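Quick notes on the structure that follows.
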Amino acid sequence: MDLSEIVFKIECGTKKGTAFFISKNRALTAFHVVTESESNEIFCTDSSGKKVKAHLSDKVTESYKKLDIALLELESDTQLTGEYSFTDYSEIKSGTYWTSRGFPLAKEVTGDNVLIGDSNIVNQQLKTLRNHKIDIELEHSKKLTTYAGYSGSPLVINGTIAGLINKELLENGESKELTALSIKHFKELLIGEGVELKEKKTSVCNPLRKILSNKWFDRHIDKSVSDLGVRYTPEVNVKTDITKKFNALLRNEDFCDDIRAGFHDYLVEINKFISILTGNQNQDRSTESGFKLSDFAKDVNSAKASIQEHFEKYISNKLNSIDINYLLEKSSGIDNIVTQVIKNARDSKHSSINHYFNEAKSAYQNFHYFLNQPYIDLANTPYLLLKGKAGTGKSHLLADTVVKQHKRGVPSILLLGQHFTNDKPPWSQIIDDLLRLDCSEYDLLETLNEIGEEHNQRVLFSIDAINEGRGKFFWAEHLNSFINGFNKYPWVSLVITVRDTYLRKLVPQDFRDKKQMKIATHTGFSGREYEAVKMFFNHYRINLPKTPIINPEFSNPLFLKLFCEGLSKRGLSQVPEGYGGISSVMNYFIDNIDIKLGGPKYYDYGESRKVCRKIVNGLIKYKQNNEISYVPYDEACDIANDIIARYT
């Protein structure tokens, strides 16, 4: 819920406070903020600075004044695009998290968002009203010394408005608690204004919210990123095309900006087309079928309005998905009209008009291309299986996404395949061993979904490299049911990565046929080699050669990183010329692989044995002896296995 749209500052004489919309021209506030309204005007100012006059409604009876409730009637309408709900809770339990937005005097220009805060909890709900107007006590994060001016703010619980904040309790001159009145005491006033109320028995405090605090996510993400080791290098980050897919499944602001641009570009061109059609009606320009050009404008405008309405509902979270078929149908209808106008237009002398017709057809083609982009569909079905070769940057991409999300205040779950160390079902390992939570998977997903809804952005649940650890022994049997478990939680997205050579073993064929998840390939820096080389060389202080390096090997992030480290370790600031120089760098690359494979996690051989180097030499010897350009896979395996067997 975007409270910045419905919450505004209110001034009446010497009094200042906060109010919030319940409809396009009606708002609620605390009555004590407008007690001077008989002799003073009421001014309402939103966060953008727009000021509107209001007056106290006649529906505010003495009983509502006693409850400290006031209904305001604004002199002009406000277009509200977001979705806002109101809930009458029979019981609001202690420990329930609450949020709000207000205009305390300390921040009366922009308003103070108290949307995120582990300290914002309900202290208690009173059985009887205190001072005829208070039944809820609220603990808060105490970011300000005083919250004077906050009176009239909405009390939001579980993403829905549940009451009105009306007073501040002070202790030694500083804010101790806020108080509020729950909706059940003034619901008749809301119903009389056409407000739809939900009724729930209890606010039900989710115990997991206390555990899954900001500090918990800090520790979890720090540990996972740390355990990735050299696979995550935040200092060197090359943006790739796969980033758009992640933005879409997260439904984050970057994705919203992207689709705003796509819709904007199309609608601008259609508006031009409508303008041409309607602008020529006075000239009585008609088609062969007897219709004026202006006769087509009504149908075009209707289809355009439908497209725009669908987009606005989606962007304001009133719709969970983009109805691509619906948008294609509406835009195709517009294109058919454009085609008909071009075909039947008798007056071909007006080239400027024909130009706009052609632009409208071009806009239609661009819009269809935009809607059919694979990443758009991920916004509707936020489940992605990311495959790729070793070293292409799958782990880096996941970690970088999680870290960026966390910096924006949106938590994530990042699990590493290497930590799945037994053959228990995935959820048992995740809950009991990795996250160490006392709950079910449904409780966890429900809580993450709740957090995502509060942030208006999906929470990312990710598992990196399911081919590592013991994963290769159990994921094939559990993948279908594991992914199906996410379907009921629209504010949680899922990304799983796998080495491409394990795809057939770990991802069942029927799973791929059903397309339960979108499958994408991470190709590293493919197509962006020069950009990647430039960034890596700059980071490692290596001079770029006069001739751009676009070797295909540099599309692999791991190779490029080790290549640069090899130069840096040898004190080189430029790529050496000749075979000898490159050979020394490649030796460093091979030595690094030997160090990894020789560890206890893999083949556990001594570093001095240089098994990897012996395998490389064996492959070279085989090529030379057989005078071939490449070694067949089976032969390469035999060569490698024969050498490994001697040392492991």
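The values are calculated or read from the model by the stated rules, or taken from the named source; none is laboratory data. None of these values were measured; they are calculated from a predicted model. Virtual Cβ from ideal backbone geometry, glycine too; neighbours counted across all protein chains shown. In case anyone asks, the SASA skips ligands and DNA or RNA and just uses the protein heavy atoms, side chains included. Shrake-Rupley method; radii C 1.70, N 1.55, O 1.52, S 1.80 Å.
With the Cα gyration tensor of region 18-114 in hand, give its eigenvalues times 5 under a square root as the equivalent ellipsoid semi-axes, listed largest first in whole angstrom.
Gyration-tensor ellipsoid for region 18-114: 22, 19, 15 Å.
Net charge near N336, counting Lys/Arg +1 and Asp/Glu -1 over other residues with Cβ under 13 Å of its Cβ?
0
May I ask you to rank E627, E193, E635 by accessible area, largest first, using a 1.4 Å probe over the protein chains only?
Per-residue accessible area, sorted high to low, gives E627, E635, E193.
How big is region 141-256 by Rg and Dmax over its Cα atoms, in Å?
21.8, 62
Can you list, bin by bin at 20 Å, the percent of alpha carbon pairs in the chain, starting at 0?
Percent of pairs per bin, in order: 15, 36, 32, 14, 2, 0.
Starting from one equal scatterer on each C-alpha and no solvent at all, send me the Debye-based log10 I(q)/I(0) for region 387-477 at q = 0.17 Å⁻¹, two decimals.
Scattering profile of region 387-477, log10 relative to I(0): -0.83.
Which value, in Å to one decimal place, does the Kirkwood hydrodynamic radius take for region 469-569 when every pair of different Cα atoms is included? Intermediate results must be reported in sequence, preceding the final value.
Values: mean 1/r = 0.0597 Å⁻¹.
For region 469-569, the Kirkwood estimate is 16.7 Å.
Over 5 Å intervals from 0, what percent of Cα-Cα pairs in region 425-530 sits in each interval?
Result returned by the calculation: 2, 10, 19, 22, 19, 14, 8, 3, 1, 0.
So how far apart, in nm, are the two label points at D241 and V268 if each is 7 Å from Cα heading toward Cβ?
Computed distance between label sites D241 and V268 equals 2.5 nm.
Kindly express, to the nearest 10 degrees and within the range 0 to 90, the angle between helix 611-626's C-alpha long axis and the longest C-alpha principal axis of the chain.
60 degrees
Can you count the Lys pairs in region 134-215 with C-alpha separation below 13 Å, eight or more apart or on different chains?
Value for region 134-215: 7.
Suppose we keep just the alpha-carbon trace of region 591-648; what are its Rg and Dmax in angstrom?
Radius of gyration, then largest Cα-Cα span, for region 591-648: 12.0, 37 Å.
I'd like the Kirkwood hydrodynamic radius of region 26-178, using the inverse of the mean 1/r over distinct C-alpha pairs, in Å. Working shown, then result.
Working: mean 1/r = 0.0608 Å⁻¹.
One decimal place: 16.4 Å for the Kirkwood radius.
Could you work out Rg/(2.2 N^0.38 Å) for region 348-440, with Rg from alpha carbons only?
The value comes to 1.90.
Could you tell me what percent of the DSSP beta bridges with both partners in the chain are antiparallel, to the nearest 5?
65 percent
Do me a favour and compute the ellipsoid semi-axes for region 498-648 from its Cα gyration tensor, root of five times each eigenvalue, largest one first, whole Å.
Equivalent ellipsoid semi-axes, largest first: 29, 25, 16 Å.
Give me the 1.4 Å probe accessible area per residue for region 21-150, excluding ligands and nucleic acids, in Å².
Here the per-residue accessible area is 47 Å².
Rounded to the nearest 10 degrees, what's the angle between the helix 294-315 long axis and the longest principal axis of the chain, both from Cα atoms, 0 to 90?
The angle comes out near 80 degrees.
Using packing as a proxy for protection, rank 376-385, 170-179 so that the peptide with the highest average count of other Cβ atoms within 10 Å comes first.
So the order, starting with the most tightly packed, is 376-385, 170-179.
How large a share of the accessible area of the chain, in percent, is made up of carbon and sulfur atoms when the probe is 1.4 Å and the other protein chains stay in place?
So the carbon and sulfur contribution to the accessible surface is 47 percent.
Just tell me which lysines come within less than 27 Å, Cα to Cα, of K621; anything on the same chain fewer than 8 places away is out.
K389, K596, K610
Under 12 Å from the Cβ of K187, count the other residues' Cβ atoms, weight Lys and Arg +1, Asp and Glu -1, and hand me the total.
Neighbourhood net charge equals -3.
Helix 557-569 versus the longest principal axis of the chain: what is the Cα-based angle in degrees, 0 to 90, to the nearest 10?
Taking Cα atoms only, the helix is inclined about 70 degrees.
Given a Förster radius of 45 Å and the C-beta distance between K24 and K143 as r, what FRET efficiency does 1/(1 + (r/R0)^6) yield to the nearest 0.05?
0.90
At a Förster distance of 41 Å, what's the computed FRET efficiency of E62 paired with N214, Cβ-Cβ distance as r, to 0.05?
According to the calculation, E is roughly 0.35.
Each residue of region 269-279 in order: what ³J(HN,Hα) in whole Hz does its phi give by Karplus 6.51 cos²θ - 1.76 cosθ + 1.60, θ = phi - 60°, with x for Gly and Pro?
Using θ = phi - 60°, the values come out as 5, 5, 4, 5, 4, 4, 4, 5, 4, 6, x Hz.
Report the semi-axes of the equivalent ellipsoid for region 518-574 in whole Å, largest first, where each axis is √(5λ) for an eigenvalue λ of the Cα gyration tensor. Mind showing how you got there, number by number?
Details: eigenvalues 103, 31, 13 Å².
After scaling each eigenvalue by five and taking roots: 23, 13, 8 Å.
Rg/Rh for region 161-216: what does it come to with C-alpha atoms and Rh from Kirkwood? Please report the intermediate quantities before stating the final value.
On the way: Rg = 16.1 Å, Rh = 14.5 Å.
On the Cα set of region 161-216, Rg over Rh gives 1.11.
Got a sec? Charge dipole of the chain, +1 on Cβ for Lys and Arg, -1 for Asp and Glu; which of T501, V631, L80 is way out at the positive end?
V631
Between Q509 and D118, what is the label-to-label distance in nm when each label sits 7 Å out along the Cα-to-Cβ direction?
Label-label distance for Q509 and D118, simple model: 5.0 nm.
To the nearest 500 deg cm²/dmol, what mean residue ellipticity at 222 nm is calculated for the chain from DSSP H runs of n ≥ 4 alone, each contributing -39,500 (n - 2.57), summed and divided by the residues?
-13000 deg cm²/dmol
Would you rank D323, D464 by solvent-accessible area, highest first, keeping every protein chain in place and using a 1.4 Å probe?
Descending order: D323, D464.
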